[in-house]
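The values are calculated or read from the model by the stated rules, or taken from the named source; none is laboratory data. Quick caveat, the model's predicted, so the values are computed rather than measured. Positions of Cβ are backbone-derived with ideal geometry, glycine not excepted, and every protein chain shown enters the neighbour counts. Accessible surface areas use protein heavy atoms only, side chains included; no ligands, DNA or RNA. Shrake-Rupley method; radii C 1.70, N 1.55, O 1.52, S 1.80 Å.
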Amino acid sequence: MRHRIAVVGGGPAGLAFARVLHRHGCPVAVLERDPAPDARPPGGTLDLHEGLGQLALDKAGLLAEFKALARPEGQAMRILDTDGSVLRDWRPRPDDRANPEIDRGQLRDLLLGPLAVQWGRGVTRVVPETRDGVVVHFADGRQEAFDLVVGADGAWSRVRPAVSPVTPHYTGITYVETSLDDVDTRHPGLAALIGDGSVAVYGVNRALVAQRNSGGHVKVYAQFRAPLDWHTNLDLADAEAVRSHLLALFDGWTAPALDLLRRGTAFVHRPLHVLPVSHTWTHVPGVTLLGDAAHLMPPLGAGANLAMLEGAELAESIATGPADLDEAVRAFEEQMWARAGRWAEMTTAGLERLVSPDPAQALALFDQVQPS
């Protein structure tokens, strides 16, 4: 008898889970609230690590296709002082494939492949341990029962309350994101500054980071410590007002760094929230979590990688492991909690050093992770 399995969320975690199950011939319902794959911007670029995200793609049979799309040159990193001095200028070797970059949209399309995602199916809540199994309630009023529901629906997961009362808390650090398009033609000076990968400038309790995506697109992130309501007297929909606020916040920094803000288009507010470092839960039969739904942590390159590997590992355990579905899920959770806890500790400490009263901490962290 085949299990009735659903994954809530069509991001990297949910799609990796579904794609590995699909490879093993196991049916799965992918429930995604967005009405279509391109309903909203997919976000910036991701670096997929050899032992994490790339391993997940290998389990899905997609590693060769990933390598054809990935940008190993995107691993390059330049760090400037606030006066424009170049402090570090690291470039990968031609054969370095440890953490190549790929745009989120390209990764999504790669994972989607033959999957039949149920678009526009917003989940409102999940009720475990009913007579019919685990019941998923949808925004349109309908409901459906499954043997296993996997929550891969991100920071504000609608599945998480079925296993844990914990909600994300604010870190005290906010990102404001903007973008540059056709950078090589329209802003050649900034294109040269950013290079093939990223450029970062670290100051006291704030930073500016610009990261190249494919197709001449660049994402810029202004990062700073502030209360969650820092924008109370600022209209975040007014791009010029936000730009002026940020230029004042980074006043005195080198002109090229400020040009990243001057040339940006729309601005998006992204306050950083996290779950507790050691977030676990008492096992609930028929429900589990992956990725940000399980262990939301600072965005320092680990989250999507862990999420994809977790999805792939859980799918593999279900397809090839013990006949008892609940036994497979329990074993997976124990493994996930231990590994995610280690990464959550590292990324939490890393965020504190990157947006720090002492900018030298950011440089020291880079040297520790990527020695010159």
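Going residue by residue through segment 198-205, is there one that turns out to be closer than 22 Å to Leu107 by Cβ and either among the hydrophobic types (A, V, I, L, M, F, W, C) or modelled with pLDDT of 95 or more (or both)? It would help to see each step written out before you state the result.
Kept after step one, since they are closer than 22 Å to Leu107 by Cβ, are these residues of segment 198-205: 198.
If we keep only those that are either among the hydrophobic types (A, V, I, L, M, F, W, C) or modelled with pLDDT of 95 or more (or both) too, we end up with 198.
Checking segment 198-205: at least one residue is closer than 22 Å to Leu107 by Cβ and either among the hydrophobic types (A, V, I, L, M, F, W, C) or modelled with pLDDT of 95 or more (or both).
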task = Give me the pairs, please: first residue somewhere in segment 21-50 and over 22 Å from Ile102 (Cα atoms) and hydrophobic (A, V, I, L, M, F, W, C), second residue anywhere and crowded, with 16+ Cβ neighbours inside 10 Å and modelled with pLDDT under 95, beta-carbon distance under 7 Å, and either six or more positions apart or on two chains.
result = none
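Looking at this structure, is Ser214 open to solvent by 10 Å² or more (accessible area, probe 1.4 Å), of a type in the set (S, T, N, Q) and within 23 Å of the chain's Cα centre (by Cα)?
yes
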task = Identify the single condition in (1) in contact with a Lys or Arg (Cβ under 9 Å, 6 or more places away or on another chain); (2) open to solvent by less than 40 Å² (accessible area, probe 1.4 Å); (3) over 30 Å from Ala294 (Cα atoms) that Gln223 does not satisfy, given that it satisfies every other one.
result = (3)
ask   = Restricting segment 76-90 to residues that are among the charged types (D, E, K, R) and under 19 Å from Gln211 (Cα atoms), which is surrounded by the most Cβ atoms within 10 Å (Cβ to Cβ)?
value = Arg78
task = With respect to Val268, determine if the residue is farther than 16 Å from Ile5 by Cα, touching a strand residue (DSSP E or B) at 6+ places or on another chain (Cβ under 7 Å), at pLDDT 95 or above and surrounded by fewer than 19 Cβ atoms within 10 Å (Cβ to Cβ).
result = yes
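Looking at Pro276, is it of a type outside the set (Gly, Ala, Ser) and either within 24 Å of His169 (Cβ to Cβ) or open to solvent by less than 10 Å² (accessible area, probe 1.4 Å) (or both)?
yes
Can you tell me how many residues within segment 231-248 are assigned to a loop (DSSP other than H, G, I, E, B) and either open to solvent by 40 Å² or more (accessible area, probe 1.4 Å) or within 28 Å of Asp47 (Cα to Cα) (or both)?
7
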query = What are the residue pairs meeting all of these: first residue in segment 248-267, first residue within 23 Å of Asp182 (Cβ to Cβ) and free of Cβ contacts under 8 Å to residues at least 24 places away in the same chain, second residue open to solvent by 60 Å² or more (accessible area, probe 1.4 Å) and among the charged types (D, E, K, R), Cβ atoms under 9 Å, and 6 or more apart or on different chains?
reply = Leu258/Asp251
request  = Select from segment 187-210 the residues that are closer than 15 Å to Trp90 by Cβ and among the small types (Gly, Ala, Ser) and list them in ascending order.
outcome  = Gly195, Gly197, Ser198, Ala200
ask   = Of everything in segment 249-261 that's more than 21 Å from Gly43 (Cα to Cα) and part of a helix (DSSP H, G or I), which residue is farthest from the chain's Cα centre (by Cα)?
value = Ala255
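Each row is one residue, and each column tells you yes or no for (1) over 24 Å from Asp251 (Cβ atoms); (2) aliphatic (A, V, I, L, M).
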{"site": "Ala139", "(1), (2)": "yes, yes"}
{"site": "Arg142", "(1), (2)": "yes, no"}
{"site": "Leu148", "(1), (2)": "yes, yes"}
{"site": "Asp153", "(1), (2)": "yes, no"}
{"site": "Pro168", "(1), (2)": "yes, no"}
{"site": "Val176", "(1), (2)": "no, yes"}
{"site": "Pro188", "(1), (2)": "yes, no"}
{"site": "Ser198", "(1), (2)": "no, no"}
{"site": "Arg206", "(1), (2)": "no, no"}
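Residue by residue, here is whether (1) of a type in the set (A, V, I, L, M); (2) touching a Ser or Thr at 6+ places or on another chain (Cβ under 7 Å); (3) open to solvent by less than 40 Å² (accessible area, probe 1.4 Å) holds:
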position	(1), (2), (3)
Lys59	no, no, no
Leu63	yes, no, yes
Leu69	yes, no, no
Gly74	no, yes, yes
Pro92	no, no, yes
inquiry  = Given the options Val136, Val166, name the one that is hydrophobic (A, V, I, L, M, F, W, C) and either buried (at least 16 other Cβ atoms within 10 Å of the Cβ) or assigned to a strand (DSSP E or B) (or both).
reply    = Val136
ask   = If only one of Ala16, Ala6 is out of contact with any Pro (no Cβ under 8 Å at 6 or more places or on another chain), open to solvent by less than 60 Å² (accessible area, probe 1.4 Å) and not in a strand (DSSP E or B), which one is it?
value = Ala16
request  = Answer yes or no as to whether Met346 is surrounded by 22 or more Cβ atoms within 10 Å (Cβ to Cβ) and free of Cβ contacts under 8 Å to residues at least 60 places away in the same chain.
outcome  = no
ask   = Within segment 290-301, can one find any residue that is farther than 27 Å from Val123 by Cα, open to solvent by 30 Å² or more (accessible area, probe 1.4 Å), in contact (Cβ under 8 Å) with a residue 12 or more places away in the chain and touching a strand residue (DSSP E or B) at 6+ places or on another chain (Cβ under 8 Å)?
value = no
task = Looking only at segment 181-208, count how many residues are surrounded by 22 or more Cβ atoms within 10 Å (Cβ to Cβ) and assigned to a helix (DSSP H, G or I).
result = 2
